[in-house]
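Participant: Got a structure for you, questions after.
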Amino acid sequence: MLDFDLPAQPLAAALAQFGAASGRSVMFIDDWVTGRTSAPVRGRLTPHAALQALLAGTGFTADDVDTQLSGAFILKRVAAAPRVASAAAARRSYDALVQARVWEALCADRRTAPGHYRSILQLRVAASGRISQASLVSSSGDAQRDAAMLAALADLQMDRPPPADLALPLTLAILPHDVLPGPRCAAVH
């Protein structure tokens, strides 16, 4: 057990101070620790416990490389699987939101109501959640319908902003009911 008194500070500096105080080095990739801050460590602790306390909240943990020979630690990233899964779920949820809002907008006009034509759209969604650009990758075969579709989608507002990692543009295929049975417009004007 050793006495530690390390303030919160840039992580690279904290790891160097930890090494000096404990006599045990920590191996890490410089880019990993840039911009991260350590937790403060105070008290009488084993080097391993002190290092884990120092790394709290940084997204890292440390393993003993070989306590018999070198006494060094190696920094490793904490598994981020739950966050990745929730990010993927957020993207799927947002994709579904965009599809629903586009469907509603197209269903509002008899000329653009899906079900009897095919077309491929690409959409860009601004950080505000507004469709900032809509374009046709594939025409519906009717120039008036195409123009009405683009007009219906111009400035369409989503209920919330897109996830930061949403890949743009979004591509949507509008298919006839005989190709892909799906929801139908409730009532068109």
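Participant: In Å and on Cα atoms, what radius of gyration and Dmax does the chain show?
Facilitator: Just the Cα atoms of the chain yield Rg and Dmax of 27.4, 79 Å.
Participant: Quickly rank 11-17, 144-150 as a protection proxy: mean count of other C-beta atoms within 10 Å, highest first.
Facilitator: On the way: 11-17: 19.3, 144-150: 17.0.
Put in order of decreasing packing, that is 11-17, 144-150.
Participant: SER93: net charge of surrounding residues, Cβ under 14 Å, Lys/Arg +1, Asp/Glu -1, itself excluded?
Facilitator: Around SER93, the charge tally is +1.
Participant: Over all distinct Cα pairs, what is the inverse of the mean 1/r for the range 82-174, reported as the Kirkwood hydrodynamic radius in Å?
Facilitator: 13.6 Å
Participant: Can you give the helix-only mean residue ellipticity at 222 nm for the chain, where every DSSP H stretch with n ≥ 4 adds -39500 (n - 2.57) and the sum goes over all residues, rounded to the nearest 500 deg cm²/dmol?
Facilitator: Details: 5 runs with 62 residues, N = 189.
Estimated from H runs of four or more residues: -10500 deg cm²/dmol.
Participant: So, one more: For the pair VAL137 and ARG184, what calculated FRET efficiency results from E = 1/(1 + (r/R0)^6), where r is the Cβ-Cβ distance and R0 = 30 Å, to the nearest 0.05? Mind showing how you got there, number by number?
Facilitator: Details: r = 24 Å, r/R0 = 0.79.
Efficiency, rounded to the nearest 0.05: 0.80.
Participant: Follow-up question, since we're still on this one. Work out which helices of the chain, taken as complete DSSP H runs, extend at least 15 Å along their axis over the Cα atoms and score a mean Kyte-Doolittle of -0.5 or more, then list them.
Facilitator: Details: long enough: 11-22 (16 Å, 1.37); 81-107 (39 Å, 0.19); 143-153 (16 Å, 0.64).
Helix filter hits for the chain: 11-22, 81-107, 143-153.
Participant: Oh, and also: Tell me the Kirkwood hydrodynamic radius of the range 2-77 in angstroms, computed as one over the mean inverse distance between distinct C-alpha pairs. Show your work: numbers first, answer last.
Facilitator: Working: mean 1/r = 0.0828 Å⁻¹.
Averaging 1/r across every pair of different Cα atoms and inverting gives 12.1 Å.
Quick note: the coordinates plus some simple rules give every number you see, no bench work behind them. Source: prediction; values computed, not measured. Note: ideal-geometry Cβ built from the backbone for every residue, glycine included; neighbour counts use all protein chains shown.
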